[in-house]
Amino acid sequence: MRLSEVPEPALQGGGVLVEVLAAHLPAYTKAVVRGNRGGLPIPLTLGPSCIARVTDVAPDVFHVAPGDIVLDTALLDAGGADEILVGWVGLGGSGVGSARTERMRTVWHDGVFAERALCAKETMVKLPGAEDYPEPARLSFLPWLCIAATGLHAAGPLAGRDVAVIGATGQLGGAAVLVALAEGAATVTAVGRNSKALGRLAEFGPRVRTHQLTGDRATDVAAIGPVDVALDTLGATPTADATMAAYDSLRRHGTLVLIGGVRQNLTIPYGDLMHRRLTLRGSWMSDDETVTTVWNLVRSGLLDLTAVELLTVGLDDPPAALDLAERTTGLRFVALVP
């Protein structure tokens, strides 16, 4: 990865030119660069999502206009399970790609770790009133909040329900805790291994319960549950014990939603799932409606982004930026401000 001067992006059909205001630098970006998270059509400008100001639009673009502040979600969906993340790793549907996703990556190639970018119109979501938000860099955490919210919404309305977030000490898990609280969960049990990060989450008030994973499934189940909704945000883990502890902690009619990166198979007992009327759901990325919902929570003050510690970097030293991102977790994140 290196800093380069490249030509200004040229407008094309279905495209939106933007000035990048801030882009979240995920903690695992260094792993992406090393090739440990899947293939990329290199060389390319990296970067999956950003907060940006529209500077120009193609003639066939009508939902955003020059001057609008937008969230670029990076998710380009061609239908039929063909989805890509522009400028990033990850494919929707089966996850293995197709001839069509290869064509999509050829047309929509570069990401947004840049001063200016060309984005597909389908990845643009307008944020009304965002021009008045005092710290645009903080808004670059919106994609993680939206991914978490989409997973939570897969379990239905949260108001008055007991929610557990497994992996709450990571950035995605911390985002899920914030969303669940903002949407009226009765309690949120934050589950993770980092005691310091759990302590910080506990400071959000009496609705937050915390549990440090022990590795013993029965002990963890007793501490987590009973809950109505469990959201698994864990990354790669040596076993699926924590995820299965979340499953075991569900009340009757409860829902377990998977949005993390666990690479283990889950052994689900057929009779238990049936008799307790449980639901197991998968959720990947987010949709435009959820982006609008989360933005309205932020805009109204129900979700306070000052709870998230913001660190900023520029374009001048990519290796140092990746190192800082790798060391940053929990409710702290690195925003690239070009």
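Numbers for the structure displayed
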{"read-out": "Count - residues of segment 205-243 that are basic (Lys, Arg) and either in contact with a Cys (Cβ under 8 Å, 6 or more places away or on another chain) or not in a loop (DSSP other than H, G, I, E, B) (or both)", "value": "2"}
{"read-out": "Residues being touching a residue at least 24 places away in the same chain (Cβ under 8 Å) and open to solvent by 10 Å² or more (accessible area, probe 1.4 Å) - total across segment 134-146", "value": "6"}
{"read-out": "Residue satisfying condition, being of a type outside the set (Phe, Trp, Tyr), closer than 16 Å to residue 145 by Cβ, at pLDDT 95 or above and not in a loop (DSSP other than H, G, I, E, B), within set 175, 164", "value": "175"}
{"read-out": "Subset of segment 147-166 (residues that are open to solvent by less than 10 Å² (accessible area, probe 1.4 Å) and under 17 Å from the mean Cα position of the chain (by Cα))", "value": "148, 149, 151, 152, 165, 166"}
{"read-out": "Selection status of residue 3, surrounded by fewer than 18 Cβ atoms within 10 Å (Cβ to Cβ), hydrophobic (A, V, I, L, M, F, W, C), over 25 Å from residue 129 (Cα atoms) and at pLDDT 95 or above", "value": "yes"}
{"read-out": "Test: residue in segment 112-119 that is buried (at least 18 other Cβ atoms within 10 Å of the Cβ), assigned to a helix (DSSP H, G or I) and in contact (Cβ under 8 Å) with a residue 40 or more places away in the chain", "value": "no"}
{"read-out": "Positions within segment 13-62 being among the aromatic types (Phe, Trp, Tyr) and without any contact (Cβ under 8 Å) to a residue 40 or more places away in the chain, in sequence order", "value": "62"}
{"read-out": "Subset tally (residues that are outside any loop (DSSP other than H, G, I, E, B) and open to solvent by 50 Å² or more (accessible area, probe 1.4 Å)) for segment 82-103", "value": "4"}
{"read-out": "Search result, residues across segment 227-237 that are among the hydrophobic types (A, V, I, L, M, F, W, C) and either open to solvent by 10 Å² or more (accessible area, probe 1.4 Å) or on the phi > 0 side of the Ramachandran plot (or both)", "value": "234, 236"}
{"read-out": "Meets criteria (among the basic types (Lys, Arg), touching a Pro at 6+ places or on another chain (Cβ under 7 Å) and within 21 Å of residue 327 (Cα to Cα)) for residue 2", "value": "yes"}
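Residue-wise test of (1) open to solvent by 40 Å² or more (accessible area, probe 1.4 Å); (2) touching a residue at least 40 places away in the same chain (Cβ under 8 Å); (3) within 17 Å of residue 178 (Cβ to Cβ).
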site: 239; (1), (2), (3): yes, no, no
site: 253; (1), (2), (3): yes, no, no
site: 268; (1), (2), (3): yes, no, no
site: 276; (1), (2), (3): yes, no, no
site: 314; (1), (2), (3): no, no, no
site: 319; (1), (2), (3): yes, yes, no
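The values are calculated or read from the model by the stated rules, or taken from the named source; none is laboratory data. The structure displayed is predicted, hence computed values, not measured ones. Quick reminder, even Gly has a Cβ in these numbers, built from the backbone with ideal geometry, and neighbours come from all protein chains shown. These area figures cover heavy atoms from the full protein model, side chains too; ligands, DNA and RNA do not enter into them. Shrake-Rupley method; radii C 1.70, N 1.55, O 1.52, S 1.80 Å.
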